[in-house]
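Worksheet for the structure shown next.
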Amino acid sequence: MGSLAQSYAASPPPRRPVKPSKWKRTDDVPLTRASYLDLLHGYTPLIKESKFLSVEQCKDYEALMSRKLTPYKHNTGPLLTKYGVAQFEYQAQAADDFLKRSDEKSQYFQDASQFLNLHSDLAAQGLDAWMRVFHRIKNMFPEWDVEIATEDNGTKRYFSGIFRALNDATHIHCDYSPYDSLTEDWIINQVEAQVVFNLYLAPVSGGRTIVHDVQWEEDALKYRDPKSYGYHANLVENSQKAYVVPEPGALCFFNSRNMHEVEHVDKVPMAELGLSYRPRLTLSSFMGLIPSSKTGSKPRLIFWS
């Protein structure tokens, strides 16, 4: 089984007309200030730094985290497991969710508060990957405010740096907070560009990420599956594609506003941890740019998961 085939209606939407591409390439490029700016603005699809972590460091993360994974509390797609909190869990995903909102936002901050010291605690054990990524980006942009997202004058803090595992094929989807979180007034809705990093921690067979050269725009809603967070395959059928093959220790970035999907992983027992299969473990976080026209001061790059 490859990527998840989708057909949401007896009469599926027509193929989306091909639009001019901003991509300069389809291959990955190294992480630099220039390549990160290109990624934010949609000019390059992938950034990759192989061997950001050693194989031994990846094994340390696996040994500590793989048995702690639990299912997402709300998820309208294939099984996702995690350690930490994903703001996605508190979003309206299926069409019916938009009609049943209550205190999801306050519940998010309550749940996130339990994990705010996770990465400082891990760093004390020598596992400082999240901090290394954060400071790498922060040091590339000294003229920006680079920080973990907060609200209410810093009294409500988002969580950044989730550990998660996805072993089944996903829907075609994107992650773009100005649409995904529009049911409430989240600070992350103010971002005008959004990217994600995934640091791969497990040796697996399969599990490629396919990034499509189609960014979310309002007309994409014609292709939205009302029963999930996914989109119909006709939205991306004629687009260019870029591919991320999970390699232990590789740090990869892509623009999460682009439609993307993950292929399934061959499930192999993980005897050393007593697990029926090895989770496709990653460390992940979104980053979103709020321009100075909105901040009234410096551009602000915020991190959250």
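The values are calculated or read from the model by the stated rules, or taken from the named source; none is laboratory data. Just so we're clear, the structure is a prediction, and the values are computed from it rather than from any experiment. Please note: Cβ atoms are built from the backbone with ideal geometry, for glycine as well, and neighbour counts cover all protein chains shown.
What to note about this one:
- Test: residue 83 is under 24 Å from residue 278 (Cβ atoms), surrounded by 15 or more Cβ atoms within 10 Å (Cβ to Cβ), of a type outside the set (Lys, Arg) and in contact with a helix residue (DSSP H, G or I) (Cβ under 8 Å, 6 or more places away or on another chain): yes
- Contact map, the stretch 183-198: first residue more than 16 Å from residue 91 (Cα to Cα) and touching a residue at least 40 places away in the same chain (Cβ under 8 Å), second residue of a type in the set (Asp, Glu) and part of a loop (DSSP other than H, G, I, E, B), Cβ cut-off under 8 Å, separation 6 or more or different chains; pairs are 194/175; 196/175.
- Test: residue in the stretch 123-141 that is surrounded by fewer than 12 Cβ atoms within 10 Å (Cβ to Cβ) and within 25 Å of residue 291 (Cβ to Cβ): yes
- Put simply, of 120, 160 the only residue that is hydroxyl-bearing (Ser, Thr, Tyr) and within 30 Å of residue 268 (Cα to Cα) is 160.
So that you can scan it fast, the table gives a plain yes or no per residue for (1) aliphatic (A, V, I, L, M); (2) surrounded by fewer than 22 Cβ atoms within 10 Å (Cβ to Cβ); (3) part of a loop (DSSP other than H, G, I, E, B); (4) without any contact (Cβ under 8 Å) to a residue 24 or more places away in the chain:
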residue: 234; (1), (2), (3), (4): no, yes, no, no
residue: 242; (1), (2), (3), (4): yes, yes, no, no
residue: 246; (1), (2), (3), (4): no, no, yes, no
residue: 259; (1), (2), (3), (4): yes, no, no, no
residue: 293; (1), (2), (3), (4): no, yes, no, yes
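- So residue 273, is it at pLDDT 95 or above, on the phi < 0 side of the Ramachandran plot and of a type outside the set (Ser, Thr, Tyr): no
- Matching residues in the stretch 230-248 - criterion: being basic (Lys, Arg) and in contact with a Phe, Trp or Tyr (Cβ under 7 Å, 6 or more places away or on another chain): none
- Qualifying positions in the stretch 127-145 - touching a residue at least 24 places away in the same chain (Cβ under 8 Å) and not basic (Lys, Arg): 127, 129, 130, 133, 134, 137, 140, 141, 143, 144, 145
- Search result, residues across the stretch 268-291 that are of a type in the set (Gly, Ala, Ser) and assigned to a strand (DSSP E or B): 284, 285, 288
- Of the listed requirements (1) of a type outside the set (Val, Ile, Thr); (2) at pLDDT 95 or above; (3) touching a helix residue (DSSP H, G or I) at 6+ places or on another chain (Cβ under 7 Å), residue 247 misses just one: (3).
- Note on the stretch 186-228: residues that are part of a loop (DSSP other than H, G, I, E, B) and under 26 Å from residue 151 (Cβ atoms) total 4.
- Filtering the stretch 47-99 to residues that are of a type in the set (D, E, K, R) and in a helix (DSSP H, G or I) leaves 56, 59, 60, 62, 67, 68, 89, 96, 97.
- Close pairs (6 angstrom Cβ cut-off, 6 or more residues apart or separate chains): more than 19 Å from residue 229 (Cα to Cα) in the stretch 96-112, part of a helix (DSSP H, G or I) and of a type in the set (D, E, K, R) anywhere: none
- Residues (part of a helix (DSSP H, G or I) and of a type in the set (A, V, I, L, M, F, W, C)) located in the stretch 34-46: 34, 37, 39, 40
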